[in-house]
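Read the figures in this text as sums done on the coordinates, not as results from a lab. Here the structure is a predicted model, which means the values were calculated and not measured. Cβ atoms come from the backbone with ideal geometry, glycine included; neighbour counts cover every protein chain shown.
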Amino acid sequence: MPLSLYEGRKHQQTGLLRVIMALNVAFGVACIFWWSTLSRYLADAMRWATWRGIDQAPQLFDYPFVLLWLLPVTGIAGAWFVERSGKVQAASLVATAPMLLLGLVFGWYHFAPIEWH
């Protein structure tokens, strides 16, 4: 008799979810450790979106800077909890939401016409 590790549940693929979570981790870590390089691209957009600037060497919990790494971390944590409940598609949405929000802010700032700001 074969052993089923899923105990009658249907196996759900979580490869895409793992990739999204890895991208969240990569973005958060990059913002923390390579901020001096990324600030050229991200600092003005965050100043525009939050009305507060980010220093060249910010503290970890300074207001606009914390959004850059805490949003992806909360997306990962939320996706992990939702995945444990068995809803892989919802977990993928939760993991994607922070990157979509930050991508919308940066994309709007860099690619929309200036008069739309």
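Which one of these is part of a helix (DSSP H, G or I), crowded, with 17+ Cβ neighbours inside 10 Å, in contact with a Phe, Trp or Tyr (Cβ under 8 Å, 6 or more places away or on another chain) and not hydroxyl-bearing (Ser, Thr, Tyr): ALA95, ALA91?
So the residue among ALA95, ALA91 that is part of a helix (DSSP H, G or I), crowded, with 17+ Cβ neighbours inside 10 Å, in contact with a Phe, Trp or Tyr (Cβ under 8 Å, 6 or more places away or on another chain) and not hydroxyl-bearing (Ser, Thr, Tyr) is ALA91.
With the requirement that a residue be without any contact (Cβ under 8 Å) to a residue 24 or more places away in the chain and not aromatic (Phe, Trp, Tyr), what does the stretch 30-45 give you?
ALA30, SER36, THR37, LEU38, SER39, ARG40, ALA43 - these are the residues of the stretch 30-45 that are without any contact (Cβ under 8 Å) to a residue 24 or more places away in the chain and not aromatic (Phe, Trp, Tyr).
Considering each of TRP80, TRP69, TRP48 in turn, give the residue that is over 15 Å from the mean Cα position of the chain (by Cα) and part of a helix (DSSP H, G or I).
Exactly one of TRP80, TRP69, TRP48 is over 15 Å from the mean Cα position of the chain (by Cα) and part of a helix (DSSP H, G or I), namely TRP48.
What are the pairs, 6+ residues apart or on separate chains, where a residue within the stretch 48-65 that is basic (Lys, Arg) has its Cβ under 7 Å from a residue that is surrounded by 11 or more Cβ atoms within 10 Å (Cβ to Cβ)?
Correct list of pairs: ARG52/TYR63; ARG52/PRO64.
Would a scan of the stretch 63-70 turn up a residue that is surrounded by 18 or more Cβ atoms within 10 Å (Cβ to Cβ) and out of contact with any helix residue (DSSP H, G or I) (no Cβ under 6 Å at 6 or more places or on another chain)?
Yes; the residues of the stretch 63-70 include at least one that is surrounded by 18 or more Cβ atoms within 10 Å (Cβ to Cβ) and out of contact with any helix residue (DSSP H, G or I) (no Cβ under 6 Å at 6 or more places or on another chain).
Looking at (1) touching a Lys or Arg at 6+ places or on another chain (Cβ under 7 Å); (2) in a helix (DSSP H, G or I), can you tell me which one VAL105 breaks?
Condition (1) is where VAL105 drops out.
Among (1) within 17 Å of GLY107 (Cα to Cα); (2) in contact with a Lys or Arg (Cβ under 7 Å, 6 or more places away or on another chain), which single condition is TYR63 missing?
Result: TYR63 fails condition (1) only.
Can you name the residue in the stretch 71-117 that is aromatic (Phe, Trp, Tyr) and in contact with a helix residue (DSSP H, G or I) (Cβ under 9 Å, 6 or more places away or on another chain) and, of all such residues, is nearest to CYS31 (Cα to Cα)?
Ranking the candidates gives PHE106 first.
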